[in-house]
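> Below you will find the structure I want to go over with you.
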Amino acid sequence: MQQMYPVFSGEIAKRGIRKTTIAKAIGVSYNAFYNKMRGVASFTFDEACTIQERFFPDMDLRNLFRRA
């Protein structure tokens, strides 16, 4: 999978967070989440904020979603 968001992808792996858990938290299917990670679709601002607040509260939103 192409890494559109290398910091986000790396933090998911480092912290052992399941992608299905993140998808459920933002109310999308795993396939929709996968498309967003690849850049086929975009994360909404609300989705990005929810992800940052729930899973990465110690990280800056802009850095977390910095594009490759």
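The values are calculated or read from the model by the stated rules, or taken from the named source; none is laboratory data. From a predicted model like this one, the values you see are computed outputs, not experimental measurements. Ideal geometry is used to build each Cβ from the backbone, glycine not excepted, and the neighbour counts take in all protein chains shown. In case anyone asks, the SASA skips ligands and DNA or RNA and just uses the protein heavy atoms, side chains included. Shrake-Rupley method; radii C 1.70, N 1.55, O 1.52, S 1.80 Å.
> Given a Förster distance of 22 angstrom, what is the FRET efficiency for Asp46 paired with Lys24, based on the Cβ-Cβ distance and rounded to 0.05?
Efficiency computed from Cβ-Cβ geometry: 0.90.
> Taking all protein chains as present, what is the carbon and sulfur share of the accessible area of the chain, in % to the nearest whole number, probe 1.4 Å?
The computed percentage sits at 48.
> Right, something else. Efficiency by 1/(1 + (r/R0)^6): what FRET value for Ala68 and Lys14, r their Cβ-Cβ distance, R0 = 30 Å, to the nearest 0.05?
0.95
> Can you work out the accessible area per residue across the chain, with the rest of the protein chains kept in place, probe 1.4 Å, in square angstrom?
62 Å²
> Per 0.36 nm of contour for each residue apart, how much would the distance between Arg54 and Gln3 grow if the chain were fully extended, relative to their Cα-Cα spacing?
My answer for the length gained is 16.2 nm.
> I need the trypsin sites (Lys or Arg not before Pro) found in the chain, filtered to DSSP loop residues with at most 16 other beta carbons within 10 Å of theirs.
The qualifying sites are Arg18, Arg66, Arg67.
> Across every pair of different alpha-carbon atoms, what Kirkwood hydrodynamic radius in Å does the chain reach?
Over the chain, the inverse of the mean reciprocal pair distance is 11.8 Å.
> Now a separate question. Do you know the relative contact order of the chain, to the nearest whole percent, from alpha carbon pairs under 8 angstrom that are 6+ apart?
Reported as a whole number, the value is 46 percent.
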